[in-house]
Structures are given as C-alpha cells and as structure tokens.
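Where a number appears in this text, it was derived from the coordinates with a stated rule and is not lab data. Small disclaimer: the values here were computed from a predicted structure and weren't measured. Here the Cβ is made from the backbone with ideal geometry for all residues, glycine too, and neighbour counts use every protein chain on show.
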Amino acid sequence: MDFSELGLSAELLDAINAEGYSTPTPIQAQAIPAVLEGHDLLASAQTGTGKTAGFGLPLLQRLASGKRAASRQVRALVLAPTRELAAQVGKNIAAYGAKLPLRTQVIFGGVGQNPQVEALKRGVDVLIATPGRLLDLQQQGHVDLSRLEVLVLDEADRMLDMGFIHDIKRLLRLMPPKRQNLLFSATFSNDIQALAKQLLHEPKLIEVAPRNTTAEKVEQIVYQVDRDKKRDLLAHLIETQKWYQVLVFTRTKHGANRLAEQLSKRSIPAMAIHGNKSQGARTRALGAFKSGELQVLVATDIAARGLDIHQLPHVVNFDLPNVAEDYVHRIGRTGRAGSQGEAISLVCIDEAQLLKNIERLIKSSLERRIEPGFEPDPNAVAQPIENGRRSGSPRNASRTAKPGRTRKPRPRNRQRSSPERG
Ligand code: AMP
C-alpha cells in the first residue's frame with residue numbers, strides 16, 4: 001500500500017514525503033479513504049499508531065476545497081484531553097498542511113489567552129483545543145462553532161476520565177447538527193459507547209491494535225521489592241544496567257516530584273512532568289529528555305498522555321497504576337516500530353491486587369524477578385495504597401492497614417490522583 005493510492009492531493013503527498021513517511025500505517029490506510037468520503041468514524045487507536053495523520057491528512061484535504069474560515073469561525077475542531085497532546089497534534093497538522101492555504105491554531109489553558117484570541121479573530125480552519133480553554137473563549141464571544149464542518153475527539157476515553165464530558169456536551173450544543181464526526185479512543189467503555197451513539201451517524205469502525213493487548217516487542221518484567229526500597233532499586237537498576245533514557249511513571253504528582261528530586265541527589269539527572277508544572281517547565285523537561293540531556297523523566301499517567309516520545313528503551317512503573325488499562329498505555333511507550341523495549345514494574349506487597357488486575361487484562365502473567373540485595377521482606381504486611389490526596393501528613397497515618405490484605409482497587413470508578421486539566 002502506498003500513500004498515492006489513498007486519494008490524497010499532491011500538496012499532501014509532498015508533505016508526507018517531507019515528513020519522511022514512506023508507507024501508510026494500518027490506521028491511515030483505513031481512515032484516510034473513509035474520512036475523504038465524508039464518513040463518521042469510530043476508531044480504536046492509541047498514540048503511536050499514526051492516528052493524527054489518519055484524520056489530519058483527509059481533514060485538511062476536505063477543508064482545502066471549501067471556503068476559508070471567516071472571522072471567529074472554526075471549520076474543523078480537534079478536541080484533545082491535554083495540552084501536550086493538543087500541541088503535538090497541532091504541530092503535526094501544521095506540518096501536513098504546510099502547502100495548503102489553511103489556518104491552524106492550537107489553544108489550551110495555562111498560557112495567556114491573547115495570542116489565541118487574536119488568531120481566532122482572523123478565523124481558523126483547523127482548531128486544536130483542550131475543552132476547558134475553548135469553552136472559556138467561547139463564553140467570552142471569541143469563537144463561533146455554528147458552521148463547524150468536522151469534529152474530531154482525540155483520546156476521547158481520556159477526556160471522559162478527566163471529567164470533560166460536560167464541557168464536551170456544552171460545546172456540542174454550539175455546533176450545527178450536520179457535520180462529520182471522528183471519534184478516537186483507546187478503549188470502548190460504556191461511556192464511550194454512549195457518547196459514540198449520541199455523536200456518530202453510521203460510523204465506519206476502525207480497530208487497529210486489538211483492544212487491551214500489549215505490544216509483543218516489549219519485554220515485561222516485575223521486580224518484587226519492598227515499598228521503601230523501590231527508590232534504591234530504581235537507582236541501582238539505572239546505574240548497573242546503564243539505562244540512558246528512562247520514562248518512569250508514578251501514581252501521584254507528589255510522588256513524581258519526590259522521586260525526581262531523590263534521583264537528582266544521586267547524580268541521576270531527573271525531572272518530573274505533571275499538570276501542576278507550568279507549560280514552560282513541561283516543554284523544557286520534555287525537550288531535555290528527548291535530546292538525551294535528561295536521563296530520567298518522571299511522569300504521572302495524565303501528564304504522559306499525548307507526549308510525543310516513542311521507542312523508548314525503558315519504561316518503568318515505579319507504582320502500578322490504579323487502572324489496569326493505564327498499564328497498557330504506559331508500556332506502549334516502549335518497543336515501538338520494530339525496536340525492542342523493556343517495561344519494568346517495581347511491585348511491592350501493597351500492589352498485589354493491582355498486578356492481578358493487570359495480568360487479567362493483558363491475559364498473561366508477567367515474569368517476576370528479585371534483584372540480589374533487594375529481596376522483599378517475607379513478613380511484610382500490605383498497606384492501603386496512597387492516592388495522592390493527602391498533603392504533608394505522614395504516610396497513611398489516618399488509615400489502618402488490614403494485615404495480610406491489600407486494598408481492592410475500584411474497577412468502575414476510575415479513581416486517580418487529583419485530575420489535571422488541560
Ligand atoms: P501518532 O500516533 O499520530 O501520534 O503518530 C506517532 C508518530 O508516528 C509520529 O511521530 C508521526 O510523525 C509518526 N508517523 C505517522 N505516520 C507515519 C508513517 N506513515 N510512517 C512513519 N511514521 C509515521
């Protein structure tokens with residue numbers, strides 16, 4: 001299959017060439033013709049599958065043939081859960097559309113709104129936005145969605161997890177009923193299915209990687225370790241195994257900060273990235289990590305979504321995620337596009353149930369290892385898991401541990417640390 005067989009214009013084929021893409025990914029091969037024909041889409045695809053070009057290329061082609069956006073008007077809207085994802089999608093769309101006379105703009109919170117307002121005044125053909133800031137600007141009268149031609153919901157499952165459903169519904173009421181809708185989601189929960197039913201008209205279904213399967217090229221290892229030895233074990237593994245680029249996941253923002261500080265003190269360059277950091281700090285950390293200056297990036301799940309970091313040699317779960325699906329997202333960061341990756345989980349006795357949930361989801365059992373010198377205490381007692389709500393109080397001081405039992409995670413109510421809004 002070649003890009004030239006998909007019905008794309010010469011300008012877009014040039015842009016694809018300039019990006020260095022030679023063959024379409026599976027989602028592109030399916031999505032591009034469907035979107036060009038004007039169909040609604042329900043697509044299951046994670047970051048890393050090439051989904052952005054899958055919707056971005058045909059979207060640009062359709063817009064190029066119509067009338068340019070008037071002042072405050074938006075012709076195509078891509079909603080994304082996080083600033084990072086919005087920025088990344090915006091960058092890609094701008095590159096794909098470089099040869100087309102279309103205006104692309106990214107808007108998200110956490111930065112001044114004036115440049116965004118100015119851009120909207122000129123009219124925007126493709127707007128990439130996080131829901132909160134878009135609604136703010138709409139309420140101030142800067143955005144007109146009444147003639148929207150195409151709506152894309154990117155990482156829709158994550159937007160629902162982050163509590164954006166009401167913002168999305170309010171935005172939907174501002175759009176004309178007749179439009180093209182493209183919904184991308186890594187998982188199809190009941191909530192996503194309900195949203196799809198409300199939003200999509202006879203959608204084409206596209207599923208690239210079967211749901212909830214982990215990449216085969218990723219070697220997955222569980223190190224069994226005591227909770228208070230995790231930090232030393234991580235530093236030890238980084239040093240002895242000479243990991244030079246490691247993405248480490250923690251459950252909470254506080255945990256991310258603390259771990260980054262502790263590694264830095266041991267002369268392992270590390271920074272934390274999460275929603276409490278300014279946009280500038282996040283961009284700097286990401287840039288330093290990509291360039292190899294920064295050896296370790298510590299991230300929370302939500303902050304990591306939309307980060308354009310691929311084919312990492314090592315991803316470490318310093319804490320297991322409360323939600324088993326997040327494990328799949330996390331380890332999807334490694335071993336992409338034919339390169340072998342390693343996903344390492346440091347698991348203490350408190351996390352036994354979380355590990356079971358993950359193994360049930362991915363339908364395989366993970367290899368256990370014990371690093372000499374870090375043998376877990378056989379008499380250790382499980383404690384309830386910290387959920388990141390406390391500030392400053394001693395660990396779990398207010399709760400009593402039930403000896404020999406771990407806290408059951410709540411499978412439906414996707415409990416997380418405080419939400420990070422884009
Ligand atoms: P995405 O899933 O859209 O975030 O894309 C993941 C990465 O794959 C991005 O860095 C894209 O630039 C890259 N990419 C997208 N399509 C292709 C392709 N057909 N060939 C090679 N790389 C691609």
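Between ASN379 and SER278, the simple label model (points 7 Å from Cα in the Cβ direction) yields a spacing of 5.1 nm.
I need to check one value: relative contact order of the chain, counting alpha carbon pairs closer than 8 Å and at least 6 residues apart, in percent. List each step's numbers first, then the result.
Numbers: 818 pairs, mean separation 70.2, N = 422.
The value is 17 percent.
Springs between Cα atoms under 10 Å define the GNM used for the chain, and in it the highest mean-square fluctuation of ASP40, ASP377, ASP125 occurs at ASP377. Of THR187, THR283, THR250, the sequence from fewest to most neighbouring Cβ atoms within 10 angstrom is THR283, THR187, THR250.
Students often get this wrong, so check it: of LYS229/LYS356; LYS169/LYS204; LYS91/LYS290; LYS99/LYS197; LYS178/LYS204; LYS91/LYS178, which have C-alpha atoms separated by over 24 Å? Provide the component values of the computation, followed by the final result.
Values: LYS229/LYS356 21 Å; LYS169/LYS204 22 Å; LYS91/LYS290 16 Å; LYS99/LYS197 36 Å; LYS178/LYS204 17 Å; LYS91/LYS178 28 Å.
Where the Cα-Cα span goes over 24 Å, the pairs concerned are LYS99/LYS197; LYS91/LYS178.
Set the Förster radius R0 to 30 Å, insert the Cβ-Cβ distance between ARG170 and LYS67 as r into 1/(1 + (r/R0)^6), and round the FRET efficiency to 0.05. Write down the numbers at each step before the final one.
Numbers: r = 27 Å, r/R0 = 0.89.
FRET efficiency, ARG170 to LYS67: 0.65.
Residues considered: LEU259, LEU346, LEU237. Largest GNM mean-square fluctuation over the chain, using C-alpha springs under 10 Å, is found at LEU237. By the count of neighbouring beta-carbon atoms within 10 Å, fewest first, LYS265, LYS229, LYS51 end up ordered LYS265, LYS229, LYS51.
Helix 26-36 axis versus longest C-alpha principal axis of the chain: approximately 30°, rounded to the nearest ten. With the simple spin-label model, which puts each label point 7 Å out from Cα in the Cβ direction, the ASP191 to ALA95 separation comes to 3.2 nm.
The angle between the Cα long axis of helix 10-19 and the longest principal axis of the Cα atoms of the chain comes to about 20 degrees, rounded to the nearest 10.
Label-to-label distance, GLN139 versus LEU13, with points set 7 angstrom from Cα along the beta-carbon direction: 4.8 nm.
Can you tell me which of PRO101, PRO372, PRO176 moves the most in a GNM of the chain? Springs connect C-alpha atoms under 10 Å apart. So, out of PRO101, PRO372, PRO176, the one fluctuating most is PRO372. Residue ranges 147-159, 348-360 sort as 147-159, 348-360 when ordered by packing (mean number of other C-beta atoms within 10 Å per residue, highest first).
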